[in-house]
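Colleague: Quick one: structure below, then a few questions.
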Amino acid sequence: MKVGVISDTHGLLRPEAITALEGCEAIIHAGDIGSQDIVEQLSAIAPLHIVRGNNDQDAEWAKNIADHLRFDIEGWQTLLVHDIADVPALLDDSVKMVVTGHSHKPLIDWRGDTLYLNPGSAGRRRFKLPVTLALLEVGADSMEPTLVQLVD
């Protein structure tokens, strides 16, 4: 199963991101979405798992979007939350993938048998950080994450 993971779009869904996400069977957005339009565009590509980020908190369009979410992808129990600082209070041994955003810094880190994934920011460039998202190939026995740089 191909899964797209994106975060910190801040109201900008780049054409390069849409192209990278084509063919995904699910999309995960780790918050700081920026607009309802982005939710609709991503939902048109694939089923969407989404949380609010700190910049979405007061937006009327985001009032029904959760601050954290737990769901299953191909047998992998997943915790989705915008800020990694919120993870310890929500984490338990059943979680095998933690997806966060907020820092704009891409991260693929296996901690034991749990994958910690931050796809970086796919929106406007911040400082000199790369503009990225992640793609996951998920099977019952394996999960292979890859970072995709969207612009040079």
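Colleague: For Ala62, indicate whether it is crowded, with 19+ Cβ neighbours inside 10 Å and either more than 14 Å from the chain's Cα centre (by Cα) or within 18 Å of Leu136 (Cα to Cα) (or both). Reasoning before the result, please.
Modeller: Numbers: crowded, with 19+ Cβ neighbours inside 10 Å: yes; either more than 14 Å from the chain's Cα centre (by Cα) or within 18 Å of Leu136 (Cα to Cα) (or both): yes.
Here the answer is yes, as Ala62 does meet what is asked.
Colleague: Considering every residue within segment 102-113, establish whether at least one is β-branched (Val, Ile, Thr) and closer than 19 Å to Leu21 by Cβ.
Modeller: Here is the first cut: in segment 102-113, the residues β-branched (Val, Ile, Thr) are 108.
If we keep only those that are closer than 19 Å to Leu21 by Cβ as well, we get 108.
The answer is yes, given that some residue of segment 102-113 is β-branched (Val, Ile, Thr) and closer than 19 Å to Leu21 by Cβ.
Here is a yes/no grid of residues against (1) in contact with a strand residue (DSSP E or B) (Cβ under 6 Å, 6 or more places away or on another chain); (2) among the polar types (S, T, N, Q):
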{"residue": "Asp86", "(1), (2)": "no, no"}
{"residue": "Asp92", "(1), (2)": "no, no"}
{"residue": "Pro106", "(1), (2)": "yes, no"}
{"residue": "Thr132", "(1), (2)": "yes, yes"}
{"residue": "Gln149", "(1), (2)": "yes, yes"}
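Colleague: Residues in segment 70-118 that are in a strand (DSSP E or B), hydroxyl-bearing (Ser, Thr, Tyr) and over 20 Å from Gly53 (Cβ atoms): how many?
Modeller: Going residue by residue through segment 70-118, those that are in a strand (DSSP E or B) are 70-73, 76-81, 97-99, 107-111, 114-118.
Add one more test, that the residue is hydroxyl-bearing (Ser, Thr, Tyr), and what stays is 78, 114, 116.
Okay, now just the ones that are also over 20 Å from Gly53 (Cβ atoms), so 114.
Total satisfying the criteria: 1.
Okay, residues lined up against (1) without any contact (Cβ under 8 Å) to a residue 60 or more places away in the chain; (2) not β-branched (Val, Ile, Thr):
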| position | (1), (2) |
| --- | --- |
| Gly31 | no, yes |
| Val39 | yes, no |
| Ala59 | yes, yes |
| Ala66 | yes, yes |
| Gln77 | yes, yes |
| Val87 | yes, no |
| Ser94 | yes, yes |
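Colleague: While we're on this one: When the residues of segment 39-68 are filtered to those that are assigned to a loop (DSSP other than H, G, I, E, B) and of a type in the set (Val, Ile, Thr), which remaining residue is nearest to Gly123 (Cα to Cα)?
Modeller: First, pick out the residues of segment 39-68 that are assigned to a loop (DSSP other than H, G, I, E, B): 46-47, 51-59, 63-67.
Then drop every residue that is not of a type in the set (Val, Ile, Thr), which leaves 51, 65.
Details: Val51: 16, Ile65: 20 Å.
Among them, the one singled out is Val51.
Colleague: Further question on the same structure: Looking at (1) part of a strand (DSSP E or B); (2) touching a residue at least 24 places away in the same chain (Cβ under 8 Å); (3) surrounded by fewer than 17 Cβ atoms within 10 Å (Cβ to Cβ); (4) of a type in the set (A, V, I, L, M, F, W, C), which one does Val3 not meet, given that it meets all the others?
Modeller: (3)
None of the figures in this text is laboratory data; all of them are computed from the coordinates on show. Every value quoted in this text rests on a predicted model; they were computed, and no experiment measured them. Neighbour counts are summed over all protein chains in view; Cβ atoms, including those assigned to glycine, are modelled from backbone coordinates with ideal geometry.
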